[in-house]
Amino acid sequence: MSETWKHIRYVLTENPVTLFAFGLFGLLLICALFGPWLAPHDPLFTDAARALKPPSAQHWFGTDALGRDIFSRVLVATRLDLGIAFSAVILTFGIGAIAGIAAGYFGGWTDRVVGRIADTIMAFPLFVLAMGIVAALGNTVGNIVIATAIINMPLYARVARAEANIRRNAGFVEAARLSGNSEGRILFMHILPNILPILMVQCSLTMGYAILNAAGLSFIGLGIAPPTPEWGILVAEGAQYIISGEWWVALFPGLALMLAVFCFNLLGDGLRDMVDPRRRT
Amino acid sequence: MTSVPLLDVKDLSVEFRTRGGIVKALDRVDFSVEKGEMIAIVGESGSGKSVSAYTIMGILDPAGKATSGSAVFGGQDLLRAKESELRELRGREMSMIFQNPRVALNPIRRVGAQIADVLIEHGGVTRAEAPGRAIDMLKKVRIPDPERRAKAYPFELSGGMCQRIMIAIALACSPKLLIADEPTTGLDVTTQAVIMDLIAELGAAQGMSTVLITHDLGMAAEYCNRIVVMHAGHVVETAPTAELFNNPRHPYTARLIAATPRPTASLRGLASIPGSLPDLRATHIPPCRYSLRCERKTPDCDKPLPVHRQKDGALVACWNPL
Amino acid sequence: MLLLIGKRLLSAIPSVIGVLVVTFLLTRALPGDPAAYFAGPAATPQAIAEIRKSLGLDKSLPEQFVVYVKDLARGDLGNSIATGRPVLEEVRSRLPASLELTLLGLVVSVGIAVPLGVLAATRPGSWIDHSCRVITTAGVSLPAFFTGLLLIYVLYYLLGWAPAPLGRLDIFNSAPRDITGLYLVDSLLVGDLETFWAALKQLLLPAFTLAVFTLAPIARMTRASMLEVLSSDFIRTARASGLSPGKVVYAYAFRNAMLPVVTTLGMVFSFLLGANVLVEKVFSWPGIGTFAIEALIASDYAPIQGFVLTMALMYVLLNLAIDVLYIVIDPRVGFEA
Ligand SMILES: Nc1ncnc2c1ncn2[C@@H]1O[C@H](COP(=O)(O)OP(=O)(O)O)[C@@H](O)[C@H]1O
Ligand SMILES: [Mg+2]
């Protein structure tokens, strides 16, 4: 265990970018948890008199067409955006990992069914499939989560399948089997914990994609309805002002979105270095 | 031994910079190759045979640097030559063939085209003539049905066939020197002899000098008139083949021969040499890199290594030779 | 080789069936009762039942699926409520706009990413290598719709270099005669260079936006694959034969390194087609993405189904094309043990 910590410390100190990503992650977490209390203004309060004002000391990110404070709206939106992505990743993790492990461990028809489902999902351009799913299931936040989870499922299933397949005849699994453990128990108590680190890396990498996906869906008007602040919607609201020069309406929510995705992508790369034993030196 | 040797390697040291520290892969290596001669460099895996060859050819990994010495080839020091000059020499004046021929050829280029590439680069052959000349080369290395084989990809050919292609590429421009780095490793036993015979025969026909790198002392004895024995980046002994077998002077050479009593047997019994190569990354490597495994070690062995030279070019680097 | 290509074509059949089943299920999962929807708010229960029967919704699911596939085979994707025209016609008239944008996006993306990856791999640890890393990570992190807006702001509003982001041609130019539907191709075919430039100017910004988003996988794969190939045995042989650096890097290393890059194009197309929808909205591009978004807002479902189906079939086709390309360029396919 202390070896592991040493290694993590090594990766963090060796790679300042990962450290930076962790810092950014902390900041995002604070915004998500305490955003509503930190916001200097009510994100929904409209005031026609101060519509479309550029950034100032009072309104750091300026105001939108209805005079709402963009800084507050971007800040408060963090919780919703991260919440959607996080729920989607948890959901995918649950379904994808279990299906993948079962496929890799049992092989046979389980493997074929899981493989066929994953292939079918992969036969679609993923964002388009997500659009179709939300359109069909109904235009709600919950369905955005479901759609995002479904399109990420094959990635997890594949990783989990490959890892479980390698381990199905490993020594520790044989030992557990010989001492009379049931297959289900072996799966959950022995195989899952073993491939958890690899799946966690996958989680971090897909978090960024999930955020992009959810924001993309709301950008085209699916899921979250205005006036709820959400980064995708905020950018969409600002889009029409770009060509008249009011850049701040779209820029700041877009930057927030980009930073969040950037953070999780960097974090994923960093975590992979920590987990991947081949990279340990 | 009055003439100038074709290749004269003197005092050659090579270091690799790696994450684990500096690897002193070669230390003051000396050997020479006369015109038309076939010599062998033998030694166990990791003794620096390939690094020597790559340094001479100028195709060393960028992490590796020659830190001392010279390698004079046809009056020119290869270690100080410009990359463009070396490129002119490679393939035209000196060539190299490698082990595992199947991966040493471009997998998605027809073998005829790969031979033609070299001809066009060096041979003053036009694009139109090149395919025909490539087929001539295939005939020369006795590939049956050369017209058809020229259109084959490496994966469609056997290991032996691929090595013949490699030889055809290497000899395409009739070089003066061929370095064959374990040319038969990865081939089956019957093919090994055929390939070696082909190299020897074509070399003799062209008056070419050949350096055969091998860990097979038997093979070295069969084809070469002189043998250079390397151990952990040192040349420990050089001698004419018969002399080396009848009267080995370095304890390591003696061990090698003892491990392969008959001249035709191979060096696979090498496991019987006690100990292993020292860690070449260490900051302090003993002056004699064999001393840790040597049963003839004396207190002198911690002093700088002496090199005893005979007038026939033979040498031994040892404080307490046999 | 033809046999291999044939085999690959056959292996696309399960994907197509999968796509059909999923789009069918999406149709049936539509919120609310389509019959009630079609009948209008004032309809009697009897009228709704009538319509349900006429729509075939009283049959079992497998039966409905057969009907669905039969309709598709006849090219019947239903009608758009908003425009009243058949969905197939709408899609057909808008598809070239999307296709032109997507393909140009791919060309720009490959045109930037591949040289970037090669430069990074031939100079590992250099500033080019580091900037390649930063650019690619930043590229995947930038939402395509945001990049598009930034580019519009800087290049159109501030600098005035780009034309207004309002579709495929500005108001001074009229569309070239419809041959392929791709303006660039059609204008060249009829020799109308002015229209060609006008269309290209409109295309550049959105295509570049798509490219930024899809740079990363191509550049990363190029770099990794190039690094691996450059350290392989046959490159050593090529160098030992004295081939010129250009020959070694391009004829030997580059061609081999491109093989894995070609296989990643599948994923790149998934990114491209998805981002295409967003980029179309940002640039008011009259493609099927904009069409689908309009339909979504109007709760007009038949066009959405048609859109999803078209995109999925296009994706299957593009993947097929990639695999065929791979078979053509790698002589080893089908011979490996
Ligand atoms: N690229 C490299 N980087 C670091 N060390 C190397 C490299 N190539 C060779 N070496 C070191 O040089 C020594 C000699 O290797 P080599 O010449 O390949 O041996 P062999 O006699 O088997 O051909 C080895 O100890 C090896 O570790
Ligand atoms: Mg070697």
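The numbers here are math on the coordinates, done by the rules we state, and not lab data. Just so it is clear, the model here is predicted, and its values are computed rather than measured. Please note: Cβ atoms are built from the backbone with ideal geometry, for glycine as well, and neighbour counts cover all protein chains shown.
Worth pointing out:
- Sites C:F335 and B:A242 - FRET efficiency at Förster radius 35 Å, r taken between beta-carbons, to 0.05: 0.15
- Both radii are taken from the alpha-carbon atoms of the stretch B:101-174; with Rh as the Kirkwood radius, Rg/Rh is 0.92.
- Zone of C:V16's modelled label, taken as backbone nitrogen in the stretch C:75-112 under 16 Å from a point 7 Å along Cα→Cβ: C:75-76
- Shape category assigned to the stretch C:114-205 from the gyration tensor of Cα positions, a/c cut at 1.5: prolate
- Highest to lowest packing among B:126-137, B:20-31, C:74-85, scored as the average C-beta count within 10 Å: B:20-31, B:126-137, C:74-85
- Among A:A136, A:A256, A:A210, residue whose mean-square fluctuation peaks in a GNM of chain A (springs only between Cα atoms under 10 Å): A:A136
- Sites A:I166 and A:I8 - FRET efficiency at Förster radius 22 Å, r taken between beta-carbons, to 0.05: 0.40
- For chain B, averaging the sequence separation of C-alpha pairs within contact (under 8 Å, six or more residues apart) and dividing by the residue count gives a relative contact order of 21 percent.
- Top of B:V14, B:V307, B:V211 by mean-square fluctuation, Gaussian network on chain B, Cα under 10 Å: B:V307
- Rounded to 5, percent antiparallel among DSSP beta bridges of chain B: 60
- Where only alpha carbons of the stretch A:178-252 are counted, the Rg and the Dmax (Å): 21.6, 72
- Pairwise inverse Cα distances across chain A, averaged and inverted, put the Kirkwood hydrodynamic radius at 20.7 Å.
- At q = 0.24 Å⁻¹ the log10 of I(q)/I(0) for the stretch C:220-305 amounts to -1.05, computed by Debye summation with a single uniform scatterer per C-alpha, solvent ignored.
- Ranking of B:H308, B:H284, B:H215 by count of other Cβ atoms within 10 Å, fewest first: B:H284, B:H308, B:H215
- Size of the protein assembly as shown: Rg and Dmax of its alpha carbons, in Å, are 34.7, 118.
- For chain C, the spherically averaged projection of the C-alpha convex hull amounts to 23.0 nm².
- With all pairs of different C-alpha atoms in the average, the Kirkwood value for the hydrodynamic radius of chain B is 20.5 Å.
- In angstrom, the C-alpha Rg and Dmax of the stretch B:1-155 are 18.1, 51.
- Annotated for chain C: lysine pairs at least 8 residues apart or interchain, Cα distance under 30 Å, count 4.
- Net dipole in debye of the protein assembly as shown [+1 Lys, Arg Cβ; -1 Asp, Glu Cβ; about Cα centre; nearest 20]: 1680
- Relative contact order %, the stretch C:87-336, counting alpha carbon pairs below 8 Å whose residues are six or more apart: 29
- Per-residue average of Cβ from other chains inside 10 Å of C:280-292: 2
- Prolate is the label for the stretch C:260-303, because the ratio a/c of its alpha-carbon gyration tensor axes (a ≥ b ≥ c) is 1.5 or higher and a/b is greater than b/c.
- At 1.306 mPa s and 10 °C, Stokes D of the stretch A:1-150 from Kirkwood alpha-carbon radius, µm² per second: 82
- Euclidean distance of C-alpha centroids, the stretch C:306-337 and the stretch B:82-100, integer Å: 41
- Two-site FRET efficiency, A:L19 against C:D58, from Cβ-Cβ distance with R₀ of 51 Å, rounded to 0.05: 0.20
- Residues C:V316, A:V249, ranked from the fewest to the most other C-beta atoms within 10 Å, line up as C:V316, A:V249.
- Straight-distance candidates among the lysines for linking to B:K311, with alpha-carbon spacing under 27 Å and chain neighbours fewer than 8 residues away dropped: B:K10, B:K35, B:K49, B:K176, B:K297, B:K303.
- Linear extension gain, B:K35 paired with B:A193, 0.36 nm per residue minus alpha-carbon span: 54.5 nm
- Contour minus Cα-Cα distance for C:I297 and C:E50 (0.36 nm per residue): 86.1 nm
- Separation between Cα centres of the stretch B:273-316 and the stretch C:62-79, rounded to whole Å: 84
- Difference of contour (0.36 nm per residue) and Cα-Cα distance, B:T185 to B:E83: 33.7 nm
- Residue order, fewest to most surrounding Cβ atoms within 10 angstrom, among A:W231, A:W248: A:W248, A:W231
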